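Here's the structure we're looking at; comments come further down.
Bear in mind that the values in this text are calculations on the coordinates, not laboratory data. This structure is a prediction, so every number in the text was calculated from the model and none was measured. Don't worry about glycine lacking a Cβ; one is built from the backbone with ideal geometry, like all the others, and counts go over all protein chains shown.
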Amino acid sequence: MRRSAAETKAVILAAARERFAADGYEKATIRAIATDARIDPSMVMRYFGSKDRLFAAAAEFDLRLPDLGALPRDRVGETLVRHFLDRWEADDALQVLLRTGVTNQAAAERTRAIFATQLAPLITALADDPTGGDGRAATRAVLVASQMLGMALCRYILHFPPAVTMSDDDIVAWLGPVIQRYLTGRDPAHGPL
């Protein structure tokens with residue numbers, strides 16, 4: 001079967017995401033990814049040049065964060081939790097980052113960059129100090145990330161039974177108020193927002 005270049009790239013990326021998510025960066029090989037994609041390993045190298053570049057392409061992840069400024073302030077926590085649940089279900093790139101980020105420096109850096117460039121600005125926009133100059137927005141962003149990545153790790157990577165079997169509504173009910181506090185609650189170190 002003959003594929004276009006775009007189709008071939010898409011097949012390689014899908015196989016790479018699955019392989020990186022299953023095996024992690026270190027154990028995933030170009031040969032295994034090519035086998036999964038049912039192509040010759042030279043084609044993987046032709047399109048991506050190296051395992052590092054393939055990983056970078058496979059680990060591209062757009063959080064597609066909603067505009068929280070348009071919501072009532074007391075609903076931003078639950079909205080953000082529900083949004084993350086939807087994103088995790090729709091795209092396995094986050095699982096690739098989680099699985100590989102703990103053992104691979106490039107994956108860890110990619111994860112940090114995604115949250116720094118996508119989540120931190122959203123939280124800064126919610127803060128009273130839009131510049132984030134006092135560091136509170138960054139602190140709030142890392143607290144939100146710790147909860148959301150922690151749940152993703154427990155649910156999708158480690159497969160903790162309670163996390164796997166909880167409904168999305170239950171997760172929103174448990175985590176929504178926590179995320180709400182991180183986003184809009186009083187900063188215990190600096191006083192109220």
Whether the chain is rounded, prolate or oblate, judged on the alpha carbon gyration tensor where a/c under 1.5 counts as rounded: prolate
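Hydropathy at least 0.5 by Kyte-Doolittle, axial extent at least 20 angstrom from the Cα trace: which helices of the chain, defined as entire DSSP H runs, fit?
Those that clear 20 Å and a mean of 0.5 are 136-152.
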Positive-end residue of MET148, TYR182, THR111, charge dipole of the chain with Cβ unit charges: THR111
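Would you mind computing Rg(Cα) / (2.2 N^0.38 Å) for the range 66-162, counting N as its residues? It would help to have the intermediate numbers written out before the result.
Numbers: Rg = 14.1 Å, N = 97, 2.2 N^0.38 = 12.5 Å.
For the range 66-162, the normalised Cα radius of gyration is 1.13.
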Dipole in debye (nearest 20) - the chain, about Cα centre, beta carbon charges: Lys, Arg +1; Asp, Glu -1: 620
Sites excluded, trypsin sites (Lys or Arg not before Pro) in DSSP loops with at most 16 other C-beta within 10 Å, longest stretch of the chain: 65-185
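Write down the Kirkwood hydrodynamic radius of the range 21-75, to one decimal in angstroms, obtained as one divided by the mean of 1/r over all alpha carbon pairs.
Values: mean 1/r = 0.0730 Å⁻¹.
Roughly 13.7 Å, rounded to one decimal.
Would you kindly state how much longer the chain becomes between ARG46 and ALA116 on full extension, computed as 0.36 nm times their sequence separation minus their alpha carbon distance, in nm to one decimal? The partial results should precede the final answer.
Numbers: separation 70, 0.36 × 70 = 25.20 nm, distance 3.14 nm.
That works out to 22.1 nm of additional length.
I'd like the FRET efficiency for ALA189 and ALA57, computed as 1/(1 + (r/R0)^6) with the beta carbon distance as r and R0 of 45 Å, rounded to 0.05. Could the numbers behind the result be given before it?
Values: r = 40 Å, r/R0 = 0.88.
Plugging the Cβ-Cβ distance into 1/(1 + (r/R0)^6) gives 0.70.
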